[in-house]
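For reference, the structure is listed below as structure tokens.
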Amino acid sequence: MNVRRLSWNHFRNLRAGEFEPCAGVNVIYGQNAQGKTNLLEAMWLFTGERSFRGAKDAELVLQGETAAALRMDFWSEGRGQTAKITVAEGRRTAELNGIPKGACSALTGKFCAVVFSPEHLSLVRGGPSLRREFVDSALCQMKPGYASLLSGYNRTLFQRNALLKDIPRHAELMDTLEIWDERLSQFGERVIRQRTAYLKALSEPAAGFYAGISSNRETLSFVYRKSAEDLRRALAEERREDVLSGHTGAGPHRDDVDIFVSGLNARAYASQGQKRSVVLALKLAEAELLSRMTGEKPVVFLDDVMSELDARRQDYLLNHLTEFQVFLSCCEPGAARQMKSGALFRMEDGALSAVPPA
Ligand SMILES: Nc1ncnc2c1ncn2[C@@H]1O[C@H](COP(=O)(O)OP(=O)(O)OP(=O)(O)O)[C@@H](O)[C@H]1O
Ligand SMILES: [Mg+2]
């Protein structure tokens, strides 16, 4: 899978322009606030997902204009395809190979990508919900039934919690709790099984990418940490506490993923560069698993990844991700000097220009 050509009109600060990236590594450099992330965001939208910046649609249109338009020519499923996105009246609509598709989510699965942006560092630094979300969103993409399994779990959890809050006033409801416990543990155990299996599959490619990024000097591993060994039993044993708190204390909504760099818990011990490397390895491993399933290598967007990485780690990203088309933004063109092949672009005030090889 790769981007052949992108053109834009009135997308954020990108007025009108186009570019033809290479199939390998594309470095986009420029000073702060010139439009580098905007360009990556423009391409990312073709995945059909929300902006990785969590932007509202209206924010995507150049200030003072009423609509933004993007067009991407990309290679997928063994043929050239064209998709268009229009943002107008606070809505995003899409067209694929000349056929209007309505909402942009219709593009899901047509153009696949993974993205790293500095906000994703909270995957290591932040609380457990972000790690659960990482696993859940990967599973939603890969396992057709997972999204409905997860929403079944969440619905049941919501109902059990509502019941917990009613029990103090209606003691007789205590007896109905058992039914919810049974249902919740059935959903919950399936969620846990799927998440554990996904992490197991992820660990080999993630360890491989991490070894590459760290020049084999460090290791990456992780384990799924359950909030209760036996969910059914925990629900039964903790009923009293649950009624008092009005919340369900055990279950996949409380589970976490423990990440280790060379055996030490990354959240507590990893350095800035190691945390970056962990998130990168996880994202690349996610891309790798996705590609094993679809037969297509997703495009890799690395926004502002170079800072805090030493020369060897930068070299890995510039020269060793040969299987993927990569878009990498950075402030200094100097970092790209180590790049052995690939293309260099400069972003200035929303205008992109190709920089010929030195
Ligand atoms: N809808 C919009 N209309 C006009 N300008 C916009 C719009 N949205 C964002 N911008 C401008 O785009 C610029 C930011 O672009 P972007 O985030 O891509 O910068 P960047 O090159 O990635 O910078 P950095 O290196 O700081 O990350 C800002 O000047 C911002 O005001
Ligand atoms: Mg940026």
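The values are calculated or read from the model by the stated rules, or taken from the named source; none is laboratory data. Just so it is clear, the model here is predicted, and its values are computed rather than measured. Virtual Cβ from ideal backbone geometry, glycine too; neighbours counted across all protein chains shown. Just the protein is used for accessible areas: all its heavy atoms, side chains included, with ligands, DNA and RNA removed. Shrake-Rupley method; radii C 1.70, N 1.55, O 1.52, S 1.80 Å.
Before moving on, here are some points about what is shown:
- Size of charge dipole - the chain - debye, nearest 20, with Cβ of Lys, Arg +1 and Asp, Glu -1, no other charges: 360
- Taking the helices alone, the chain has a mean residue ellipticity at 222 nm of -12000 deg cm²/dmol, built from -39,500 (n - 2.57) per DSSP H run of at least 4 residues and averaged over all its residues.
- Environment charge of Asp315, counting only residues whose C-beta is closer than 12 Å and scoring Lys/Arg +1, Asp/Glu -1: +3
- Each label was represented as a point 7 Å from its Cα along the Cα-to-Cβ direction; for Glu172 and Glu65 these points are 6.5 nm apart.
- Fraction of accessible area attributable to carbon and sulfur, the chain (%, probe 1.4 Å): 50
- The mean sequence separation of alpha-carbon pairs under 8 Å and at least six residues apart, normalised by the residue count of the chain, gives a relative contact order of 26 percent.
- Relative to the longest principal axis of the Cα atoms of the chain, the long axis of helix 146-166 makes an angle of roughly 40 degrees.
- Here the label points at Leu244 and Asn154, each 7 Å from Cα along the C-beta direction, are separated by 3.0 nm in the simple model.
- Per residue, the chain exposes an accessible area of 47 Å² to a 1.4 Å probe, with every protein chain left in place.
- Stretch gain in nm, segment Ser122-Ser271, where the contour uses 0.36 nm per residue and the Cα spacing is subtracted: 52.3 nm
- When the chain is reduced to its Cα atoms, the Kirkwood hydrodynamic radius in Å: 22.2
- Compared with the alpha-carbon gap, the fully stretched path from Ala33 to Thr196 is longer by 54.6 nm at 0.36 nm per residue.
- Candidates per trypsin sites (Lys or Arg not before Pro) in segment 162-218, loop by DSSP, up to 12 other Cβ within 10 Å: Arg169, Arg217
- With each label modelled as a point 7 angstrom along the Cα→C-beta vector, the Lys143-Asp258 pair spans 2.3 nm.
- Difference of contour (0.36 nm per residue) and Cα-Cα distance, Thr108 to Thr219: 36.6 nm
- Computed over neighbours whose Cβ is under 13 Å from that of Asn265, the net charge equals +3, Lys and Arg +1, Asp and Glu -1.
- Test item: Cα-centred dipole of segment 123-267, Lys/Arg +1 and Asp/Glu -1 on Cβ, debye: 440
- nm² value of the averaged projected area, convex hull over the Cα atoms of segment 1-81: 5.8
- Between 0 and 90°, nearest 10: helix 128-142 axis offset from the chain longest Cα axis: 70
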